[in-house]
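Below is one structure, written out as structure tokens; the observations come after it.
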Amino acid sequence: MSLPPAVPPLRCLGVRGAITVEDNTAEAILDAAHELLAALIAANGIEPDDVGAVFFTTTRDLTAEYPAVAARQLGWNEVAILCSHEMDVPHGLKKCLRVLVMWNTTLAPRDIRHVYLRGAQSLRPDRASLFLSVRGSGEDSH
């Protein structure tokens with residue numbers, strides 16, 4: 001008698017992403033947060049019920065709106081969400097919104113697809129091919 005195939009363990013893994021924001025307005029921040037979350041969801045198949053927590057940061061030049069509002073607008077109403085400011089490093093990327101999604105998944109860490117959009121691609125040039133594949137999937141990425 002053969003054993004059933006092994007089921008990968010469920011574990012909480014971090015999914016990272018970042019995007020630059022055009023202006024310090026509520027509309028620009030929410031548009032960028034929606035675009036980033038949509039790309040992360042599309043790249044990884046993330047479902048809200050599998051998200052343990054989300055941590056957004058913005059650079060100190062983005063203060064007009066909480067990026068968490070965009071996640072709530074997507075229906076992530078039962079997810080713990082926290083917003084904060086990024087470290088103010090002199091040579092850091094300006095007008096940047098970052099996210100860390102704590103996702104319960106059976107994927108291995110090497111299979112997680114982190115997404116860097118717009119000017120934030122400069123933060124992780126090694127992720128450029130992902131940007132192209134997400135963009136090619138119909139997502140409107142700048």
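Within the range 79-124, the only residue that satisfies the criterion of being under 30 Å from A6 (Cα atoms), of a type in the set (S, T, Y) and surrounded by fewer than 16 Cβ atoms within 10 Å (Cβ to Cβ) is T106. On inspection, L132 qualifies as over 16 Å from L30 (Cα atoms) and at pLDDT below 95.
Mind checking which residues of the range 30-43 are free of Cβ contacts under 8 Å to residues at least 60 places away in the same chain and either closer than 16 Å to G14 by Cβ or more than 12 Å from the chain's Cα centre (by Cα) (or both)? Within the range 30-43, L30, D31, I41 qualify. Taking the criterion of being among the acidic types (D, E) and either surrounded by fewer than 17 Cβ atoms within 10 Å (Cβ to Cβ) or in contact with a Lys or Arg (Cβ under 8 Å, 6 or more places away or on another chain) (or both), the residues of the range 1-49 that qualify are E22, D23, E27, D31, E47, D49. Quick check on A32: is it of a type in the set (G, A, S), touching a strand residue (DSSP E or B) at 6+ places or on another chain (Cβ under 9 Å) and not in a loop (DSSP other than H, G, I, E, B)? Yes. Is it the case that the range 44-64 has a residue that's among the small types (G, A, S), in a helix (DSSP H, G or I), more than 9 Å from the chain's Cα centre (by Cα) and at pLDDT 95 or above? No, because not a single residue in the range 44-64 is among the small types (G, A, S), in a helix (DSSP H, G or I), more than 9 Å from the chain's Cα centre (by Cα) and at pLDDT 95 or above.
In the range 65-75, what count of residues is obtained for those that are surrounded by 16 or more Cβ atoms within 10 Å (Cβ to Cβ) and assigned to a loop (DSSP other than H, G, I, E, B)? Result for the range 65-75: 3.
The values are calculated or read from the model by the stated rules, or taken from the named source; none is laboratory data. Computed from a predicted model, the values in this text were never measured in an experiment. Cβ: placed from backbone, ideal geometry, glycine included. Neighbour counts: every protein chain shown.
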